[in-house]
Structures are given as structure tokens and as C-alpha cells.
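The values are calculated or read from the model by the stated rules, or taken from the named source; none is laboratory data. The shown structure was predicted, so the numbers you read here are calculated from the model rather than taken from an experiment. Glycine also receives a Cβ, built like all others from the backbone with ideal geometry; neighbour counts cover every protein chain displayed.
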Amino acid sequence: MKVHYDEKVDALYLGLGDEKPDGVIEIAEGINVDTTTDGKLTGIEILKASKKINIDTILSYTLELDKNILKKEIA
């Protein structure tokens, strides 16, 4: 996962993979999820991010991911 924060526009982007998105779904005001045509999530964009989360905290996180979870099919 890649995290990018643009301070000029106060937008945070969480990249969830290398696939290019085909569409965007707004799940809440200022929170958009990028998806592929087959329903995979590729990223999350948070506008006015500093008003929604502590930017310093999110930029300091380290996440570990079990890649086997990504291979499981959702029933």
C-alpha cells in the first residue's frame, strides 16, 4: 500500500495496488474508492483529509499484510 498526501489540496490517497482504476465510487462526502471493472479496489481518496483524520498519524503507520488473504475468493 502506498500513501500520498497532497498538502496543497488537503487530499490523502491510499494506493492499494498497481492496477489502474476504471471508475470511482463516492462512499461518503469527500471519500472516493477507485475500482476496476471487475470490482477490485485500487485506491481510496480522502478529500479535506486533515479535517477527517490526523495526517501525522496516518503517515507514520506501518502495515503488514498477509498476501494470502488477497488470493482468497469472497463468497
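Figures for the structure shown
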quantity: Residues within segment 6-26 that are in contact (Cβ under 8 Å) with a residue 24 or more places away in the chain and within 10 Å of GLU45 (Cα to Cα), tallied; calculated: 5
quantity: Every residue from segment 1-55 that is aromatic (Phe, Trp, Tyr) and more than 11 Å from the chain's Cα centre (by Cα); calculated: TYR5
quantity: Residues of segment 11-39 that turn out to be within 14 Å of MET1 (Cβ to Cβ), surrounded by 11 or more Cβ atoms within 10 Å (Cβ to Cβ) and among the charged types (D, E, K, R), as a count; calculated: 2
quantity: Considering residues of segment 40-75 that are at pLDDT 75 or above, farther than 17 Å from LYS2 by Cβ and of a type in the set (Lys, Arg) only, the residue surrounded by the most Cβ atoms within 10 Å (Cβ to Cβ); calculated: LYS52
quantity: Residue tally, condition of a type outside the set (Gly, Ala, Ser) and not in a loop (DSSP other than H, G, I, E, B), over segment 3-43; calculated: 18
